[in-house]
Amino acid sequence: MLFYTLDIIGTFAFAISGVLIAMQKRMDPFGIFIIAFVTAVGGGTLRDVLIGRTPVGWMNDLNYVYVIGAAVIFSIILRKKLNRLRTSLFLFDTIGLGVFTIIGVEKGISANLHPIICIALGTMSASFGGVIRDILCNEIPVIFRKEIYATACIIGGFIFFALKYLGLAENLIYVFTVLVVIAIRLIVVKFRIQLPTIYHK
């Protein structure tokens with residue numbers, strides 16, 4: 001139940017981040033919904049296709065579509081308040097990042113894949129919805145820039161397996177891993193910690 005709840009929370013959070021970017025680009029309502037949709041389920045769709053889990057998750061559960069629709073309506077109605085908060089996009093994107101990391105890892109475990117592949121799936125689930133969103137919005141995806149984004153997911157994945165090895169309760173592992181990924185993103189942005197670059201200024 002907690003796993004499903006976290007999945008819904010992540011979907012809602014990522015959908016809002018998609019809406020906020022789409023509105024910055026001044027898209028029409030249909031464009032806003034599409035960007036919200038691909039942001040929320042893009043990574044999970046790619047993950048499910050790769051592990052042969054078809055039809056993909058959101059096609060078997062319309063609640064995801066309803067949640068995305070609700071996120072779009074919520075964001076449009078409260079757009080003035082959300083726009084005043086410069087950190088809104090970052091916060092919703094970070095919540096989605098943490099939640100979808102563990103969801104991807106768990107899907108990999110369910111498919112009996114190696115832990116390294118599970119972590120890769122977790123990173124993909126968390127990052128690639130944002131990649132598709134940024135490409136459609138004509139932006140260079142965050143994952144391909146200096147920001148520590150996918151790296152936070154990878155660290156979260158390793159922590160997930162470390163806690164699993166220690167025998168902690170499943171729900172505690174889920175919550176702790178999500179909080180770790182969120183904390184890493186908050187810390188690196190606050191202190192402007194970035195990956196090294198090969199380019200000279």
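The values are calculated or read from the model by the stated rules, or taken from the named source; none is laboratory data. Owing to the predicted nature of the structure, the values given are computational and were not obtained by experimental measurement. Cβ: placed from backbone, ideal geometry, glycine included. Neighbour counts: every protein chain shown. The accessibility values were calculated without ligands, DNA or RNA, using every heavy atom of the protein model including side chains. Shrake-Rupley method; radii C 1.70, N 1.55, O 1.52, S 1.80 Å.
At-a-glance table
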read-out	value
Unmet requirement for ALA169, which otherwise passes all of (1) out of contact with any Lys or Arg (no Cβ under 6 Å at 6 or more places or on another chain); (2) more than 19 Å from PHE100 (Cβ to Cβ); (3) open to solvent by 70 Å² or more (accessible area, probe 1.4 Å); (4) not acidic (Asp, Glu)	(3)
Residue match in segment 23-37 (condition: out of contact with any strand residue (DSSP E or B) (no Cβ under 7 Å at 6 or more places or on another chain), touching a residue at least 12 places away in the same chain (Cβ under 8 Å), open to solvent by 40 Å² or more (accessible area, probe 1.4 Å) and within 30 Å of LEU172 (Cβ to Cβ))	no
Residue in segment 159-177 that is assigned to a helix (DSSP H, G or I) and within 30 Å of MET23 (Cα to Cα) present	no
Count - residues of segment 101-146 that are surrounded by 24 or more Cβ atoms within 10 Å (Cβ to Cβ) and under 21 Å from ILE32 (Cβ atoms)	3
Some residue of segment 80-88 being part of a helix (DSSP H, G or I), open to solvent by less than 60 Å² (accessible area, probe 1.4 Å), within 30 Å of HIS114 (Cα to Cα) and not aliphatic (A, V, I, L, M)	no
Selection count where residues are more than 18 Å from the chain's Cα centre (by Cα) and part of a helix (DSSP H, G or I), scope segment 67-79	5
Matching residues in segment 1-57 - criterion: being assigned to a loop (DSSP other than H, G, I, E, B) and farther than 15 Å from ILE135 by Cβ	MET1, ARG26, ASP28, ILE51, GLY52, ARG53, THR54, PRO55, VAL56
Count of segment 153-166 residues which are open to solvent by less than 100 Å² (accessible area, probe 1.4 Å) and within 25 Å of GLY129 (Cα to Cα)	8
Close pairs (8 angstrom Cβ cut-off, 6 or more residues apart or separate chains): without any contact (Cβ under 8 Å) to a residue 12 or more places away in the chain in segment 186-200, aromatic (Phe, Trp, Tyr) anywhere	none
Residue list for segment 162-201, filter: charged (D, E, K, R) and over 19 Å from the mean Cα position of the chain (by Cα)	LYS164, GLU170, LYS190, ARG192, LYS201
Among residues of segment 1-22, those that are surrounded by fewer than 17 Cβ atoms within 10 Å (Cβ to Cβ) and not aliphatic (A, V, I, L, M), counted	3
Residue in segment 48-57 that is modelled with pLDDT of 95 or more, under 24 Å from VAL175 (Cα atoms) and out of contact with any Cys (no Cβ under 8 Å at 6 or more places or on another chain) present	yes
Residue match in segment 38-51 (condition: surrounded by fewer than 18 Cβ atoms within 10 Å (Cβ to Cβ), of a type outside the set (A, V, I, L, M, F, W, C) and touching a helix residue (DSSP H, G or I) at 6+ places or on another chain (Cβ under 7 Å))	no
